Each structure stands twice: as structure tokens, then as C-alpha cells.
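Peer 1: Below: one structure in C-alpha cells.
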Amino acid sequence: MSEHSAPAGREPSTPATRWTKRDRPILAYCAMLFAAVALVLNYFIKFPGFPEEAVASFLAFRAEARSLRSGAASTAQLQPGFGADSACSSVLVLEDASFTLVNARVARILNRRSCWQAYRGPGSRLVVFQEYPGNRRELPEPKEIHQQREVRFYVYSGQDARAVFWERAGTCWVLVSDTPAEELLKLARKCIDE
């Protein structure tokens, strides 16, 4: 038997096989390094969630709304804002006489289509209502949780505005305003009673 031949029962090792065996620890270290970098970036770079997006939408509308007339939009004016969008066919309308509808449209909240309505309330305060397909598990940890019957309300605060979320049957609802959280929560409770 020649001194360069492989022992009986073993295949001669190819350069590719030797490289893979030798570099497995390096590949494992690279995977761990990649995971660590991803965790650090996730910690320092915050991607907006539903509450932040809803508040940002409200603040942008409030900045534009200073030029809005205080006149009411009728139900007939509401429907063209939604066009033929079937997702917005059963729109919640605030029945409270102190709120006036000023704008309605189909919008986006993160990656979801939503029915978006703006109301002017007492003291010319704006309240934005949105409805989108989703569930409470997609929301971050809230500042407060309140419950009325079987419905839980999740309260978030940020950037001079508050948001109250709740979920029913695979649909999330949110009210956003710069009114105090207690008043916004009272309005959310009225919405589920209607």
C-alpha cells in the first residue's frame, strides 16, 4: 500500500470537506455576531408601532386643521371620502352632539388600510378615530389598561396627544386626541355602548 493512499474504509478527504470542518466554529461565531448586532440595532433603533403612528397621524392633521372651517360634514359627504371601499362600509359615527365630523378618508396605519375620521369637539379640540384590521397582541405595553364589560382599553401617551385602543372581533379601534386621557377614555366607552 502506498504511503499516500487513504486507510481502508475511509474516503480521502477533499479540500471542501476539510474547509467545512475547520471553519464551522468561524461560521457559528459569525452567526452569533450577526444576532448580537441585530439585537443591539433593535434596541437603539425604534420602529414605530401602531400607537406612535396613530399619534403622528393626529398631529399632522392637527397642524393642517388650523385652516379647517368649523362646519359639519354630512353623512353624504362622509361616504365620498371613503369612496367604494367596502372595509369602511360600517363606519362608527360619534353620536355625541358636541362632536362635529370635519374629515373622513381611507388612510393607512403602518401597513394596514384604515377608516379615518376627524371630529371637532368641545373647545374646538380635535379627535381622530381610526378603525383597522388587527388585534391587541400587535400593540406594545400600554401606559394604562381599563376594562368595561368584556372590552379592554389600552391607553398610550406621547408627543402632546393620547391614544385609546380597543379590539373587537379582529378589528382595532383607536381614538386619538390632545384632550386629557380621562375624557378620551369616556368617549371610547361611549363608542362601545352605541
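Quick note: the coordinates plus some simple rules give every number you see, no bench work behind them. Note that the coordinates shown come from a computational prediction; the quantities given were computed from them, not determined experimentally. Virtual Cβ from ideal backbone geometry, glycine too; neighbours counted across all protein chains shown.
Peer 1: Just subtract the alpha-carbon distance of GLU138 and ARG189 from 0.36 nm times their residue separation and send over the number in nm, one decimal. Walk me through the numbers before you get to the answer.
Peer 2: Values: separation 51, 0.36 × 51 = 18.36 nm, distance 2.14 nm.
Full extension of this stretch gives 16.2 nm more.
Peer 1: Under a crude label model (7 Å from the Cα following the beta-carbon direction), how far is ARG168 from PHE44 in nanometres?
Peer 2: Placing both labels 7 Å along Cα→Cβ, they lie 4.5 nm apart.
Peer 1: How much FRET efficiency would the formula 1/(1 + (r/R0)^6) give for LEU33 and ALA56, where r is the Cβ-Cβ distance and R0 is 30 Å, rounded to 0.05?
Peer 2: After rounding to 0.05, the efficiency reads 0.30.
Peer 1: With a point put 7 Å past each Cα toward its Cβ, work out how far LEU110 is from SER124 in nm, to one decimal.
Peer 2: So the two model labels end up 3.5 nm from each other.
Peer 1: Between ALA63 and ARG22, what is the spin-label point distance in nm, taking each point 7 Å from the Cα along the Cα→C-beta axis?
Peer 2: In this crude label model, ALA63 to ARG22 measures out at 5.8 nm.
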